[in-house]
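Engineer: The structure that follows is given in the form of structure tokens.
Nothing in this text is a laboratory measurement; each read-out follows from the coordinates by a stated rule. Just so you know, these numbers come straight off a predicted model, no measurement behind them. When we count neighbours, we look across all protein chains shown, and the Cβ atoms used for this are built from the backbone with ideal geometry, even at glycine.
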Amino acid sequence: MNTVVSGIRSTGNLHLGNYFGAIKNFVQMQNDNNCFFFIADWHSLTTHPTPADLHNNVRQVLAEYLACGIDPEKACIYVQSDVPEITELYLLMNMNAYLGELERTTSFKDKARKQPENVNAGLLTYPVLMAADILIHKAQRVPVGKDQEQNLEMARKFARRFNNIYGEETFPIPQPFSFTGDFVKIPGLDGSGKMGKSEGNAIGLVEDPKDIRKKVMKAVSDSGPTEMNQTKPEAIENLFTLMNVVSTKDTYDFFNDKYNNCEIRYGDLKKQLAEDIINFNAPIREKFLNIYQDDEYLRKVTRMGAEKARESAAKTLEEVRRLIGFRKF
Ligand code: TRP
């Protein structure tokens, strides 16, 4: 059984792209791996959220993940800041992380460009904290998207470096976990590219049905096919890709035939697509709305998660301290 660690950005409002890209796989993974999923609230401090936002974001994303089917009985789900052992490992790892390599990471350079008024040391050492997150549980696998590959590469480097200095076998070198099976890239509604929060083209999993209808009706389309069985332009293909994941096969085939016969009415397709998205979301949204305001449940889940995570973290930290040379008198 593999130990899997993944951090979840504590910026909530997950969208369909997140669901089909990662969450669905997390829900699968928790069945046959030793999974640690945590809300990375320390990492979020690099952008200076207000105290109220910090808490609400954690609550939002936690409730969303639980609503999607992350099961606290199967996976260890916790809030990063509930596990102080991570900060100590972070401090220790910082001693063997070099300024040059940290300055060269693309995510640091990107963020320094995006927030030039706030190039703080936390941004610089972001990959070290991420390495501590992963190594504290001696993870073998880390499911990460493209944008996190370099950070994972840094974690692998720090693990190797520690092993070289203090003992070959301390940390397993964490492998990227590539999702197999029905991984689907969800497009946006703006005609091209993928669905993303920062792209402003996302449909939230727990979004109000009224807003979903509005967004889908406004999706980019075109003036319609002019030839039978014509290849679909990207914007139209995107609508069908969405339909393919949320609608029944009959619905998909119905509109696909209409398209191929040049009889398609995009208004009808969009109406149907909006209702099917709303239906797909419905059980997740309902669970979310319940969990979000259930303080007692959230307290129970986070306590249980923190306890399990700290037990695993403390074991690693004790070994690390001993290897580095800390001794009790
Ligand atoms: N940096 C990751 C992101 O932005 C979140 C994250 C923090 C993470 N710590 C991690 C992911 C450890 C995997 C493992 O998505």
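Engineer: Please list 3J(HN,Hα) in residue order for the stretch 107-113, calculated via the Karplus relation 6.51 cos²θ - 1.76 cosθ + 1.60 where θ = phi - 60°; whole Hz, with x for glycine and proline.
Structural biologist: Karplus-based 3J(HN,Hα) across the stretch 107-113 equals 5, 5, 4, 4, 5, 4, 6 Hz.
Engineer: In this model, which of K249/K271; K146/K215; K146/K271 are farther than 23 Å apart at the alpha-carbon?
Structural biologist: Violating the 23 Å limit, Cα to Cα: K146/K215; K146/K271.
Engineer: Most fluctuating residue of T241, T226, T125 in a GNM of the chain with Cα springs under 10 Å: which is it?
Structural biologist: T226
Engineer: List, largest first, the extents of the alpha carbons of the chain along their principal axes, each in whole Å.
Structural biologist: 82, 44, 41
Engineer: Okay, next question. Say a paramagnetic label sat at a point 7 Å from the Cα of D110, along Cα to Cβ; which residues of the stretch 33-73 have their backbone N under 12 Å from it?
Structural biologist: The answer is none, because no backbone nitrogen lies closer than 12 Å to the label point.
Engineer: Same structure again: Which angle from 0 to 90°, rounded to the nearest 10, does the C-alpha axis of helix 51-68 make with the longest principal axis of the chain?
Structural biologist: 60
Engineer: Just how far, in whole angstrom, is the stretch 250-302 from the stretch 136-201 if you go by their alpha carbon centroids?
Structural biologist: The stretch 136-201 and the stretch 250-302 have Cα centres separated by 28 Å.
Engineer: Note down the net charge around N163, summing +1 for each Lys or Arg and -1 for each Asp or Glu among other residues with Cβ under 13 Å from its Cβ.
Structural biologist: Taking every other residue near N163 into account, the sum is +2.
Engineer: From the phi angles alone, apply the Karplus equation (6.51, -1.76, 1.60; θ = phi - 60°) to the stretch 18-28 and give each ³J(HN,Hα) in whole Hz, x where the residue is Gly or Pro.
Structural biologist: The phi angles translate into 4, 4, 6, x, 10, 4, 4, 6, 4, 4, 5 Hz.
Engineer: Could you state the angle between the C-alpha long axis of helix 234-246 and the longest principal axis of the C-alpha atoms of the chain, as a value from 0 to 90 degrees rounded to the nearest 10?
Structural biologist: With both axes taken from Cα atoms, the answer is about 70 degrees.
Engineer: Shifting gears a bit: Using the count of nearby Cβ atoms within 10 Å as a rough guide to exposure, how do I186, I165 rank from fewest to most?
Structural biologist: On the way: I186 21, I165 11.
Arranged by neighbour count, lowest to highest, I186, I165 become I165, I186.
Engineer: Can you give the longest run of the chain that contains no trypsin sites (Lys or Arg not before Pro) sitting in a DSSP loop with at most 12 other Cβ atoms inside 10 Å?
Structural biologist: Excluding the exposed sites themselves, the longest stretch runs over 1-103.
Engineer: Given H placed on each backbone N at 1.01 Å, which residues far from Y78 in sequence or on other chains put an amide H within less than 5 Å of it?
Structural biologist: F37, F38, I39
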